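All of the numbers you see were taken from the coordinates with simple rules; none came from a lab. Quick caveat: nothing in here was measured; it's all calculated off a predicted structure. Backbone-built Cβ (ideal geometry, glycine too); neighbour counts: all protein chains shown.
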Amino acid sequence: MASSRITKTFKALKKQGRKAFIPYIMAGDPSIEKTKELVLLLEDCGADIIELGVPFTDPLADGPQIQRAAERALANGVRLRHVIALVKDLRKSTSVPLILMTYYNPVFKYGEEAFMKDASEAGVDGIIVPDLPPDEAGVLRRLSKKHGIDTIFLLAPTSTPERIETVVKASRGFIYYVSITGITGARLHLGSSLKESISRIRSLTDKPVAVGFGVKMPEEARAVSGIADGVIVGSEIVKRINSEPQDFSKLKEYLLSLRDAIR
Amino acid sequence: MPALKELEAAYLSSKKDKAFQKELSELQKTYIGRPTPLYFAKRFTEHLGGAKIYLKREDLAHTGAHKINNALGQALLAKRMGKSRVIAETGAGQHGVATATGAALVGLDCEIYMGTEDMKRQALNVFRMRLLGAKVIEVPIGSRTLKDAINEALRDWTTNVRNTHYVMGTVFGPHPFPSMVRDFQSVIGKEAKKQILSAEGRLPDLLIACVGGGSNSIGLFHEFLKDDVNMVGVEAGGHGISSGEHAARFAGGSIGVFQGCKSYLLQDEDGNVLGTHSVSAGLDYASVGPEHAYLKDSGRIRYTYATDEEALSAFELLSRTEGIIPALESAHALAEAVKLAPKMPKDSIIIINLSGRGDKDVEHVARIKGVHI
């Protein structure tokens, strides 16, 4: 099987001795048109891979920043099918790897096969389904392989050795290490334990490991990029988009400072 | 996930632990006041003019509802697991009160998540929880009701899992919650079976219970599943199915995956969860326990619904004919009996689970009737 756009990106970065900057935004917040603009802005600011959140009424793994963003997007009428259409539209102007972060029920309701087919045709590279553990994801994993979409699963500080092994095997593209127990946007504690956890995962696999949940400021991003292959920043970006939804000049500065920090 | 494995292991070992079971059954007897009576409702029966109606009096359990059966069991389990803190969600406040009670009894810190809307509707229970030493945390996000309180409690649990046990209040959520909560509630059906055999010398013809998440109903039904006994689960019909304002998951929902399990769910065509309505906060929930979904699909149990209006009318009827003010949740089960009993022969027997007492609803009902108290 040909290697995916996400895998290629990590390989290319490795050659250059760089780490991946992976920002997250909520599709449809403040509007689907602005999301399109934001994806291109993120790419301009040096994003290597972009995560697009799919709005859902009950985003269990997310903190208040992202839940509120989902509520705004839902109020704008944005649903999974619109996010897929957005990706299709974006593919006319960018080839940056795009990952959908969606809860399971919208995918289930869409139909897993139809979803994978449509997402793949639209140009989606990977999916993260935070409420679907790998042992419940047999069908989705099979279908994603068939349609050439990477499935990225999550590991947490509380994950047992057996769980780490399952997630390492089931993940394609990269492994998403949740730096804290809890939800997106909570406070990050940088310590030796993060380093130890990442090396434990690395001892089992060559797959890249990206760290998310709790990375807000450039100095945290820099510290994390010293340990992991990629740094995911979500809640803080979502918050800044919402505080100035029409003018992205300050956001741009912030994104560039993150990019500079992640080396 | 490791938390669920840890919980399952602790629960399974507690089932085999004689000392744990002895402590639980002793507290059921001396603290909750079990067995609760099975009461023959003579005047209610005569009024309807058909089947003999028995009420399983969970309203007489400590704290006024069946919720304590599960909350006490899980509080003991939390202590056994070495947790110092319990959290729970609550809608009407009954499960929150029961959990705060269990925590006070066992000596654990307790925090209860409750939607802003529900805190307004159930101010009395909010104060009760505080009196019991619990901290009530407002959930001002989403629909600001039960499902959002569950989201917040699950978020708290994933953050503080090392020292915290999540006391799920109903037969929902990820495994092992649905079966564990059912087991703690199945004491209702076990007692009812013994009691009806002693009162009538035979099994009943029909069991009726209301179904929110589904814990009181599964608690009554489970013991009778292998017997030749009919069962009806009654959901909240709100303002009627066609109004879209209801919580009738079987009548108006479809299969979905929500908060850790697969079951019937009120959702839109894109898989987002819909708002619900019921006059009774305890039935006001977008999904239903997965075992009920199985029992519906297998045809073993029939599920129907009662509207707000029907429930309110049954609420008043039982109060007048028996001197028992039922919880509005339980009034949905009574409303089904009002429809069925008159058509059944006089020697047939119905057991209704009177899952809770109605004191908490008195103010609400007065408001609906336009009475200022």
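Descriptive notes on the structure:
- Rounded if a/c under 1.5, otherwise prolate or oblate - the stretch B:3-157, Cα gyration tensor axes: oblate
- For chain A, a Gaussian network of Cα nodes joined below 10 Å ranks A:I66, A:I49, A:I227 by mean-square fluctuation, and the top entry is A:I227.
- Look at the Cα gyration tensor of chain A: its axes a ≥ b ≥ c give a/c under 1.5, and that counts as rounded.
- Between A:Y177, A:Y110, A:Y24, the residue with the greatest mean-square fluctuation in the GNM of chain A (Cα pairs under 10 Å linked by springs) is A:Y110.
- The residues packed around A:D48, meaning those with a beta-carbon under 10 Å from its beta-carbon, carry a net charge of +2 if Lys and Arg are +1 and Asp and Glu are -1.
- Shielding by partners for peptide A:104-116, expressed as the average number of C-beta atoms from other protein chains within 10 Å of each residue's C-beta, is 4.
- Under 5 Å, built H, 5+ apart or other chain: amide partners of B:V136: B:I112
- For the stretch B:263-355: rounded, prolate or oblate by the Cα gyration tensor [a/c cutoff 1.5]: oblate
- Working note: Karplus 6.51/-1.76/1.60 with θ = phi - 60° gives the stretch A:147-164 the couplings 9, x, 10, 6, 9, 10, 10, 9, 10, 10, x, 8, 4, 7, x, 5, 5, 4 Hz, where Gly and Pro are set to x.
- Spatially proximal lysines relative to B:K120 (Cα-Cα < 28 Å; intrachain offsets below 8 disregarded): B:K67, B:K135, B:K147, B:K360, B:K369
- Counting DSSP beta bridges with both ends in the protein assembly as shown, the antiparallel % (nearest 5): 20
- Relative contact order (percent, whole number), chain A, Cα cutoff 8 Å, 6+ residue spacing: 22
- Restricting the GluC sites (Glu not before Pro) of the stretch B:225-295 to loop positions (DSSP other than H, G, I, E, B) with no more than 14 neighbouring Cβ atoms within 10 Å leaves B:E269.
- Cβ neighbours within 10 Å from other chains - mean over A:129-137: 2
- In order along the stretch A:230-242, phi translates into HN-Hα couplings of x, 10, 9, 10, x, 3, 5, 5, 4, 5, 5, 4, 5 Hz, rounded to whole numbers, per the Karplus curve 6.51 cos²θ - 1.76 cosθ + 1.60 with θ = phi - 60° and x for Gly and Pro.
- The trypsin sites (Lys or Arg not before Pro) of the stretch B:104-177 meeting both criteria, a DSSP state outside H, G, I, E and B (loop) and at most 16 other C-beta atoms within 10 angstrom of the site's C-beta, are B:R162.
- Phi to ³J(HN,Hα) by Karplus 6.51 cos²θ - 1.76 cosθ + 1.60 over the stretch B:52-57, Hz, x for Gly, Pro: 6, 10, 10, 10, 7, 8
- Full-stretch length increase - B:K339, B:S198 - with 0.36 nm per residue and alpha-carbon distance subtracted: 48.0 nm
- Overall, the ratio between the Cα radius of gyration of the protein assembly as shown and 2.2 N^0.38 Å, rounded to two decimals, is 1.03.
- Long-range amide H partners of A:I175 with built H, under 5 Å: A:V209, A:A210
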